[in-house]
1. Relative contact order for chain B: what is it in percent, counting Cα pairs under 8 Å that are at least 6 residues apart?
2. Is any residue of the range A:94-134 close enough, with backbone N under 13 Å, to a label point placed 7 angstrom from the Cα of B:ARG78 along the Cα-Cβ axis, and if so, which?
3. For the pair A:THR40 and B:ARG109, what calculated FRET efficiency results from E = 1/(1 + (r/R0)^6), where r is the Cβ-Cβ distance and R0 = 51 Å, to the nearest 0.05?
4. Dipole size in debye (nearest 20) for the range A:10-72 around its Cα centre, Lys and Arg Cβ +1, Asp and Glu Cβ -1?
5. Post the alpha-carbon centroid distance, the range A:50-68 to the range B:68-126, in whole angstrom.
6. From the label point of B:PRO74, set 7 Å along Cα to the beta carbon, how far off in nm is each other copy's matching point, shortest first?
7. Based on Cβ point charges of +1 for Lys and Arg and -1 for Asp and Glu, what charge dipole magnitude is obtained for chain A about its Cα centre, in debye rounded to the nearest 20?
8. Which values, in whole Å and largest first, are the semi-axes of the equivalent ellipsoid of the range A:42-181 obtained as the square root of 5 times each eigenvalue of the Cα gyration tensor?
2 protein chains.
Amino acid sequence: MTEPDRPKTSTAAALNRLREMILSGELSAQSDHLEAELATRLGMSRTPVREATLVLQGMGLLEVRPRKGVRIKPITIRDMEEVYEILTELESLAAARAAAAGYSADDLRALKEATEEMDAALAREDRAAWAAADEAYHTELVRLGGNSRVIGIVQMYNDQVRRARAATLDARPLPTASNADHRALYEAILTGDAEGAREIHRRHRIAARKLLTAILSDLGQPYV
Amino acid sequence: MTEPDRPKTSTAAALNRLREMILSGELSAQSDHLEAELATRLGMSRTPVREATLVLQGMGLLEVRPRKGVRIKPITIRDMEEVYEILTELESLAAARAAAAGYSADDLRALKEATEEMDAALAREDRAAWAAADEAYHTELVRLGGNSRVIGIVQMYNDQVRRARAATLDARPLPTASNADHRALYEAILTGDAEGAREIHRRHRIAARKLLTAILSDLGQPYV
DNA sequence: GAATTCAACTACGTATACATTAAAAGGAGA
DNA sequence: TCTCCTTTTAATGTATACGTAGTTGAATTC
């Protein structure tokens, strides 16, 4: 456990705080916020807020709309489909690359631990813990893939998945099927079966996508 | 031919100009530039330059290094391998989605025209025209795929491919094999063969990657 | 001669002031 | 009452000022 060190600059602080506020829903989807308002809320001037919003726009969490304030982006079903399509391809790539890399069981320990964590959380019916372990699992998977840009993109889009997940946490059934997938993927990576790893993970992600979009649809989220 | 309208804001102007300067090599790889220097060069104050460099950092074209100026990112072989891996997956996805979308021959006209343009350029041995048509082809392909985020990511990474290509334009052989691939992909999309389209494009991209990295290696580009 | 300390410099980070211009409000005319 | 034009407002885009901290280079010490 490393302490998240306090940001060196106000811009970094604004970036972290605003990101958290969006992910937690404190800044709700579709809401508008003036630069000056956010600056006051964060106790700084407009300059660092402006710089942070530019970056957040690049991450797809909000949209800068001149004279109307920044608009926190909604979570539409269409958006989630796009994000899941990309995560499916890039994580599957990472799985294939990880398998090809010839990792030892020791190298894959973090992956295995995340799997076991998910099992445990599932047994306790602890959705929050399960979600955290699931995220750790996906993060570790792309890390093993070894492509730094894939790592960055996946982290970025995982933020958006987290937002959708936060909106659906209690509505979704416990994801019983996932753990079998995770174990199969672990085996494929360990035995160096690149295309097998790719396909296992792709199917896993496609199932997850169907689940989430069905729930969003039930909850009345707009398609666009 | 639509005239590229002049940017509404200085920040947008700085973004366009700096991007062009990096892609053209006017700001060479590995070079450092102070904010004040760039501001003077662009005839504006530091503020819009700062904002532009933040975005360009997000696009991976430069790195902001406090008190050392922004560093224009080098084009390493490792970087290109990462970029090509991602482009391979996302464009293959786009190809599959385009095939699944059931486009008519009319819908695919722009794709076909780009192919023919490449043929023609190849016959003239006009590498620059070929490169332009090739880029149009890839852009149109992902547009047909219909995932707006894929379009954005591919455009972003195409900037980096363009940089590498600019460094290798005269060193590479004429890409004779490409056109057969393009025609086969066209057929697969038209007939709705999603998995065929995906595989054809994946193989195409893998070959292109091998070609470029071999050339970069010959030219003595550093691996990292 | 090498290492360390100190002082000056300077580039950046941030606040603030100001110009610009889109949007909103208000008023006149039909 | 509706529409169009004018006026006003206010949020942004940009410039600028300034404090701070990282860097450099020189001076001093070992």
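1. Working: 270 pairs, mean separation 58.0, N = 224.
Relative CO of chain B lands at 26 percent.
2. The answer is none, because no backbone nitrogen lies closer than 13 Å to the label point.
3. Numbers: r = 53 Å, r/R0 = 1.04.
After rounding, the FRET efficiency stands at 0.45.
4. On the way: 9 positive and 7 negative charges, 32 e Å.
With Lys and Arg at +1 and Asp and Glu at -1, about 160 debye.
5. 28 Å
6. Copy-to-copy label distances for B:PRO74: 4.8 nm.
7. On the way: 31 positive and 34 negative charges, 194 e Å.
Dipole of chain A, to the nearest 20 debye: 920 debye.
8. Working: eigenvalues 195, 78, 40 Å².
Ellipsoid half-lengths, sorted descending, are 31, 20, 14 Å.
Bear in mind these aren't lab numbers, they're just calculated from the coordinates by the rules spelled out. Being a predicted model, the structure only gives us computed values, none of them experimental. Glycine gets a Cβ as well: all are built from the backbone with ideal geometry, and neighbour counts include every protein chain shown.
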